[in-house]
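In what follows, a single structure is set out as C-alpha cells and then discussed.
Every number in this text was worked out from the coordinates using simple rules, so none of it is lab data. If you're wondering where the values come from, they're calculated on a predicted model, not measured in any experiment. All Cβ positions, glycine included, derive from the backbone under ideal geometry; neighbour counts span all protein chains shown.
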Amino acid sequence: MPGLTHTLEIARRAMMTHQSVLSVIGHNIANANVSGYSRQVARLAAEKPLHTTGFDWGNGVGLEGIERRRHLFLDQRVRSEMTALGRWRMRADVLGQIETSLTEPSESGLGAALDDFWNAWSELSSNPQDMALRANLVEKSQVLTERFRTLDQRISSMRAELQVQLAYEVDSFNDKLERLESISRQLVDAEKSGAMANDLRDQRDRLLDEMSLLADISWHEQGDGSLTLRVGNRVVLDAVTREPLSVNRLAGDVTGGSIGALLELREETLPQMGSDLDLLAADLVQQVNARHRTGPSRGDFFSGSSAGEIAVAAEIVNDPLAINASTSGEAGENDIALAIAQLQSERIISGGRMTTSEYWGALVSQLGVMTQEARFQEENGEMVTEATKAQRESVQGVSLDEEMANMVSTQHAYLAAARVFDVASQMLETLMEV
Amino acid sequence: MRVSTGMLHGAILNNIRQAHGRILKMQAEISSGQRIQVPSDDPAGTARALRLRSRLRANAQWDRNLTQARDFALATETTLGRLADLGSEVRVLATRAADSSQGPDELAAFGEHFNSLLENLLSEANAEHGGVRLFGGTDTREAPYVAMRNAEGDIVSVTTRSGAPNEGDLLRQVGAGEVIAINTPGTEVFGDSLESFETLIALRDAARAGDAAAVEGLLSSVDADWERVTTTQAVSGVLIQRIGRFAERLELDAIELEASRSGVEDLDISQALIEYHEEQAMLEASLAMTSRVLELTLARFLS
C-alpha cells in the first residue's frame, strides 16, 4: 500500500504542476497584446498509476505538454486574403495617384484644352486674317500640346517611381526571407529534442504574414520543422538553400501581393495608358496636318506624333501668319479653318470610331472604372482579411478574462494541494510521535 | 465563438477607423460642392460630365460665331436699306427728268444729281463691316469695285477689281457640321454685269446731254435695278431671322446642357448634410460604446 509519503509526493507534484500552469498563464497574459502571439495551454494529465497490492493507485497529475493554439487552415486563409489585399491596396494607391493627375473633370484637364483648341479654329474661321485670333490659336494649341506632354511625362515618371518602390519591396521581402531562414534553422535545432519551440514558431508565422502581403507565397512545413517557401512556382527557401528575389528577373514569378501589383502596373497598366494617349495625339496630329497641308504653305500645323513629342510646328510659333486658314490664302476664304473646326464633331480617332472628346472621355472613365474596382476590392479585402483574422484570433488569441479565470482556478487547485500536503505532513508527524 | 481580447479591440478600432474614413470623404464633397472629386467616384458620370462640358464649350463658341454673323448680316441689311433709298431716289429723279417739259438747264442739274448719286452708289458698294467688305465675296480686304475716271474725275465705268465678280460665300460655323453663308453676293445687288452702275452712268450722261428721251428709255432699267435691291433686302431679312433661330436654339440647348451637367456633377447639399450628421451621430454612439466595453474586465471584480 502506498503510504503517506506517497500522498506527500502526489501533493508536491500537484503544487509544482500548478506552478507551471501559472507560469504558462503568466506568459499568455504578458503577451496578450503582442501581435501574432499564439496562446499556450498547459496540458495536464493524470500520471501513470502505481499497481500494487491488487489495486491501481493514482499517481497524481503531471504536465504532459505546453500546446500552442494555432489553426493551420486559418493561417492559409488569412495569408491568401492578405496577398490579395496587398495587391489591390497597391493598385488602388497608384491608380488613385494617376487619376488625380488627370485633373478631370475640370478646366485644367486635357478635355478642356481640346475643346479650346477646336474653338480657336472656329473663331479663326470667322475672321481668318485677324492676327489676334491667329495668335490665340497658337496659344491654345500650345496649351493643348503641353498638357499632352505633361501627362506623358507623368506616366513615365510614375513608371520610374514604381521601379524604385519595387526595389524597396523586393529588398524588404528578401530581408524577411533571410530572417525566416535563420529562425527556421533555430527552430529545427530546438525541436530536435522533441519539445515544441512555440515562440520561434510564432516569430516565423509573423514573418509569413508580413511576406504574404508582399507576394503570392505558399509554404510547406517538412517533418523536421524546416520550411519550404515558394513565390508563385519558384522555390525561394528550403532546408538547404535560400534564393532571394531579384528586381530585374521577377516577371512571371510574382503575380500577387504588392510586388505583383507593382509589376503589373509597371509592365502592363501604365504602358497601355501611355499608348492609348499616344494614339489620341497621333490621330489628332495626322488629321489636322492632312487638312493644313492643302494650304499655301504646304506645311504642317503640328510636329511630332506621340503624346510625348507633340508640339505646334516651329514655323507657326514663330509666325502665326504661316497658319493656313484656307487653300487659296485669300483674305475671306476659310475652308481649311472651317474643316479643321468641324473635326471636333467628326469621328477621327482610332480608325474613325470616335471623336476626340469621346475617346478622351472613354480613356478617363476607363481609368476611373479600374480605380473604382481597385478601391472596392481593397475595401472588400480589408473586411474579409479582418474577418478571417478574427477567426484566427478566436483560436489563438489571448482572452484576459479567460486567463484570469484560469488563474483563479489554478490558485485554488494549488491551495488545495498545499492543504493536502499539510494534512499528510501532520499525519506523518503523528505517526512519528507514537 | 471564442472571443479574444484582441478581437474586441480590433473590431472596435476598425469600426471607428471606417467611420472616420467616411466622414473625411463627406467633408471633401461638401466643401467642394462636387459629387465627383475624381473619376473613380463615378466613372460613368465622369464620362457624361466631360461630354456635357465639351458640348457647352462648343455651344458657347457657336454662339460667338452667330453674334459675329448677325452683326455682319445687320450691317448688310442697313446698307441694303440705304441702297434701296438711293434706288428709290434715282427712280423719282429719272421719272421727273424724263418729262419732256424739262429744259436743258434743269436736265443739267439732274445730271449733277445723278453723278452725286453715282459716287454714293460706288461708296456703298465698297462698304465694309469690321474690316470685311460686304459685297466682295471672299475678296474681303480691298474695295471690290473700282471706277475708271476721265480727266475731269468723273466716273466713266465701274468694274470689279479682280476680273470676274467674286461670288464666294463667307461661311460661318454655327453648329456641329452646320455652316451658313452670311454674305450677299455683289451680283445679286448690282447685277451680273454691274447694270446698276451702267444705268446710273447712262442717266447722268443723258441728263447732261439734255436728252430727256434717252432718260425715258432708261426708266425700265432703273426699275429693274431697284427691284433687284428690294429682292435682296428680303433675302437678307430671311437670313437674319434664320440666324436668330439658330441663336435661340443654342440658348435653349445651353440651359438644358448646364442643367444636365449640374445634375451629374453637383452635390445635393441638403442631402449631403443630412447624411453627414447621421454619420457623425453613429461615430459618437460607437465611441461611447467603446468606452463602456473597454471598462469591463474580470480584473475589476477580483479582489
**Q.** chain B, helix-only ellipticity at 222 nm - DSSP H runs n ≥ 4, -39,500 (n - 2.57), divided by all residues, nearest 500
**A.** -24000 deg cm²/dmol
(Q) What's the ranking of B:273-281, A:237-245, A:200-208 by average number of surrounding C-beta atoms within 10 Å, highest first? (A) A:200-208, A:237-245, B:273-281
Q) Under unit Cβ charges (Lys, Arg +1; Asp, Glu -1), what dipole magnitude, rounded to 20 debye, does region A:105-151 have relative to its Cα centre? A) 160 debye
Q. Along each of its three principal axes, how wide is the spread of alpha-carbon positions in region A:63-184, in whole angstrom units, largest first?
A. 101, 25, 14
Q: Could you work out how far helix A:131-191 tilts from the main Cα principal axis of chain A, as a 0 to 90 degree angle to the nearest 10?
A: 20 degrees
Q. Of A:Ala113, A:His51, A:Ile217, whose Cα points farthest to the positive end of the dipole of chain A (charges on the beta-carbon: +1 Lys, Arg; -1 Asp, Glu; origin at the Cα centre)?
A. A:His51
Q: Would you be so kind as to identify which of B:Ser221, B:Gly130, B:Leu118 lies farthest towards the positive end of the dipole of region B:50-259, taking Lys and Arg as +1 and Asp and Glu as -1 on Cβ and the Cα centre as origin?
A: B:Gly130
Q: Filter the trypsin sites (Lys or Arg not before Pro) in region A:342-375 to those in DSSP coil with at most 16 other Cβ atoms within 10 Å of their Cβ, and list the result.
A: A:Arg347, A:Arg353
Q: With +1 on each Lys and Arg Cβ and -1 on each Asp and Glu Cβ, and nothing else charged, work out how big the dipole of chain B is about its Cα centre, in Debye to the nearest 20.
A: 2640 debye
Q.
Taking a ≥ b ≥ c as the square roots of the Cα gyration tensor eigenvalues, with a/c under 1.5 meaning rounded and otherwise prolate when a/b beats b/c, else oblate, which class fits region B:181-303?
A. prolate
Q: Putting +1 on Lys and Arg Cβ atoms and -1 on Asp and Glu Cβ atoms, find which of A:Ser172, A:Ser328, B:Ser88 reaches farthest to the positive end of the dipole of the protein assembly as shown.
A: A:Ser172
Q) Which angle between 0 and 90 degrees, to the nearest 10, do you get for helix A:72-102 versus the longest principal axis of chain A when only C-alpha atoms count? A) 20 degrees
(Q) Considering all alpha-carbon pairs of chain A, what whole percent are spaced by more than 37 angstrom? (A) 54 percent
Q: Calculate, for B:Glu178 and B:Glu279, the FRET efficiency according to 1/(1 + (r/R0)^6) with r their C-beta to C-beta distance and R0 41 Å; round to the nearest 0.05.
A: 0.25
Q | Charge dipole magnitude, Cβ of K and R +1, D and E -1 - the protein assembly as shown, Cα centre, debye nearest 20 | A | 3660 debye
Q: Would you calculate the volume per residue, in Å³, of the smallest convex hull containing every Cα atom of region B:76-125?
A: 50 Å³
Q: Would you compute the Debye intensity of the protein assembly as shown from its alpha-carbon atoms alone, equal scatterers and no solvent, and pass along log10 I(q)/I(0) at q = 0.07 Å⁻¹ to two decimals?
A: -0.75
Q: Give me the distance in nm between label points sitting 7 Å out from Cα along the Cα-to-Cβ direction at B:Ile255 and B:Ala234, one decimal.
A: 3.4 nm
Q) If each of B:Met289 and A:Gln426 carries a label point 7 Å out from its Cα toward its Cβ, how far apart are those two points in nm? A) 5.5 nm
Q: Give me the Debye-computed log₁₀ of I(q)/I(0) at q = 0.10, 0.14, 0.16 Å⁻¹ for chain B, equal point scatterers on Cα only, no solvent, two decimals.
A: -0.74, -1.04, -1.19
Q) What value, in deg cm²/dmol to 500, does the helix sum -39500 (n - 2.57) over DSSP H runs of n ≥ 4 give at 222 nm once divided by the residues of chain A? A) -22000 deg cm²/dmol
Q) Of B:Leu250, B:Leu283, B:Leu267, which is the most mobile in a GNM of chain B whose springs link Cα atoms less than 10 angstrom apart? A) B:Leu283
Q: Please build a GNM for chain A, connecting alpha carbons under 10 Å apart, and tell me which residue among A:Asn198, A:Asn174, A:Asn406 fluctuates the most.
A: A:Asn406
(Q) Please enumerate, by chain and number, the lysines with C-alpha under 18 Å from the C-alpha of A:Lys389, excluding those fewer than 8 residues away in the same chain. (A) none
